[in-house]
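Participant: One structure, pasted below without further comment.
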Amino acid sequence: MAGLFIVPVVLAQEESQSRAIIHEINTENFPQISFFLEAYDENGQALSNLSEADISIIENEQEPIPIDLLLRNEPGYQFILAYNLSPALATNITGGESRYQVISDHIIQWLDSRPASTPDDFSLVTDTGLQQIRDDSPRDFAQRLRDYQPDLMNSQPNLTSLLQALDLATDPTLNSMMKRAILYITPQPTISNVSAFPGFIERAVQQNVPVYVWMIGPPSARSSNPSVVEPLIALAEETGGQFFLFSGQEDLPDIEEYFRANRYIYQVTYASGIRKSGTHRLTAVIQQDNGSISSEMMKVNLTVEAPNPILINPPLLVARDWVVDAKDARIRDLEPDQVEIKYMYEFLDGHSRELVSACLYVEGEVVQEITRAPFDTFRLDLTPYESDQEILFFVEIEDSFGMKARTQPAVIDVTVAPVPLTFWEGLLRLELTPERWIILASVLIAGMVLVTAIVLVGKRQAFWREQAAKHQRKIDPVTQPVKIKQADHRSGNGTPGRASIGKQVEAMLIPLNERYEPNRKKTVVLDRKEWLIGSDPIQARFVIANAALDDVHARLSRTEQGEYWLRDQNSIAGTWVNFAPITSKGVKLRHGDLIHFAKALYRFEISHPTEDREIQIITYNQNYDS
């Protein structure tokens, strides 16, 4: 999975209060990237009527990217009502109600106007501690205020409620985008408490918590006692709240007006153009009639990698046999005429996406291409292969990012059965099956019987002709022909020549090119018990002219039992058997093993293999087990 770290970069703020703030960048659905966006005009008022056309994204200082989706969400407010209780709140006003009762009824009226499904939550803090924490029902909180009856006449004003309200505002919420606000109701502070307000202001600004101050006092308090009133005004204005002086005669502010413009936050979604791993820069730009507003630049760390294709049980051996028509033996076909090559793919960077193409390569050439789902199977045509041969193939895929990757190459060993012959073809070539030999013998026997019958009939006729001739010679001996015996000249037979006797080869290394084609002219006959293989003609017995090889790269030896063992000599480029690296402990070679000395490729063959080899594909990070 991709690691995600969002690092805000602080830029110098201008005098204008216009700003855009990016929160919670989400790359889980990359290349779709989403985040929350707050936007304010030059007067600090929230922009509540933005559309998709007003917002664009700049990645790594490239061309702006339009957004795909803009949603307006209401994360809700964490409303904290903080009472600094004092006898001043007990003072009755016109109508006989106390200031506390008027304020409490006004807040309850606002709570009753909120929908029951509001995302807000409500807390009550007084000088004596936390009275109610995060009640998610405005009706229940309103009832809690009705039931709460403080002892105002014996209360001593202090800063405890404000301090605890700021503490509560720092606690995490279920919705991290939830906004916070404090309504602080207090009498005029004492001179001794004034010095604490700069610290409260700094803390509220850091927490982005506006403080709305309702101060209880006479209408002339601003002018008559500015030293204690001005710190409260600063607390409200510098934190983004408002100050209100309540003597008992004024209409209380509409609380919802405090929050209405800022209740909503935008959720932005766009298609990213990032196509490589690393740290990337992101800025949101909002176009307005009077100019543009740019957010602070955010840094996003992404991991983007090519997909990883994998062959699934590749067909390493295919035997093609002849299927003869039952009615006409001259009609015959090789089967199977195709083989399935199955594959799968995964995204190791954790960003699932669509494939746009998959290609099957055979001997380095594209033989089949798929451009739409499903991407899982190729069917290789086998009709061109009518003799025993090896087929080198691999699969290459391309994703919607334009990133390509290939599977490890594999080899299909195709064997083709001899062509079946008709009876007369077999007779002409003396290649008959046992059944056909029986038929032929039956025909010959029948023929011999017929010939014998004919011969016997002929001999009988000859006998009677001879008897007639003898009778004639007795009657007229002078005119009869005389047989003269000729000499028998026979020629001698030639003398056969001697059979030549050659030396038997036990094992060999056959070099292969990059297409796995053998070069048997350069076959290395393994006629010694031990071979040192490397690039140094002095140290190595078998010299491979390749700069990637060490002077002594590997050792190949033959045991008394006739086994061949290959060991790596701690080379830099490595020695590989069937695409798996080996160590100095070595592996036992088997007939048909593919050996890489660095980039030099050979195939190990035994002249008379004694076992049927079950071919296996061993992944790169597996240990090769002989």
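Participant: Between region 341-414 and region 94-130, how many Å separate their Cα centres?
Facilitator: With region 341-414 and region 94-130 each reduced to a Cα centre, they are spaced 69 Å.
Participant: Taking region 332-419, how much of its Cα-Cα pair set, in percent, is spaced more than 17 angstrom apart?
Facilitator: Percent of Cα pairs beyond 17 Å in region 332-419: 52.
Participant: How big is Rg to Rh over region 164-220, alpha-carbon atoms, Rh as the Kirkwood inverse-mean-distance radius?
Facilitator: Looking at region 164-220, the ratio lands at 1.04.
Participant: Just the number please: accessible area per residue for region 22-65, 1.4 Å probe, all protein chains included, in Å².
Facilitator: Spelled out: the 1.4 Å probe surface of region 22-65, per residue, equals 50 Å².
Participant: To continue, here is another question. Based on the mean of other beta carbon atoms within 10 Å per residue, what is the order of 261-271, 353-363, most packed first?
Facilitator: 261-271, 353-363
Participant: Quick one: which residues, 5+ away or cross-chain, put their amide H under 5 Å from the amide H of V416? H built at 1.01 Å from N.
Facilitator: R320, D388
Participant: Moving on. Largest first, how would K404, K599, K299 line up by accessible area (1.4 Å probe)?
Facilitator: Descending accessible area places them as K599, K404, K299.
Participant: Which whole-number percentage describes the relative contact order of region 252-393, with Cα contacts under 8 Å and a sequence gap of 6 or more?
Facilitator: Relative contact order here is 17 percent.
Participant: Using only the alpha carbons, work out the radius of gyration and Dmax of region 257-297 in angstrom.
Facilitator: Just the Cα atoms of region 257-297 yield Rg and Dmax of 14.9, 47 Å.
Participant: Further question: Under the classification rounded if a/c is under 1.5, otherwise prolate if a/b is larger than b/c and oblate if not, where does region 223-280 fall, given a ≥ b ≥ c as square roots of the Cα gyration tensor eigenvalues?
Facilitator: Oblate is the answer for region 223-280, as a/c is 1.5 or above yet b/c matches or exceeds a/b.
Participant: Could I ask something else about it? From Cα pairs below 8 angstrom and at least 6 apart in sequence, can you work out the relative contact order of region 21-175, rounded to a whole percent?
Facilitator: 20 percent.
The values are calculated or read from the model by the stated rules, or taken from the named source; none is laboratory data. Note that the coordinates shown come from a computational prediction; the quantities given were computed from them, not determined experimentally. Positions of Cβ are backbone-derived with ideal geometry, glycine not excepted, and every protein chain shown enters the neighbour counts. Please note that ligands, DNA and RNA were not included when accessible areas were found on the heavy atoms of the full protein model with its side chains. Shrake-Rupley method; radii C 1.70, N 1.55, O 1.52, S 1.80 Å.
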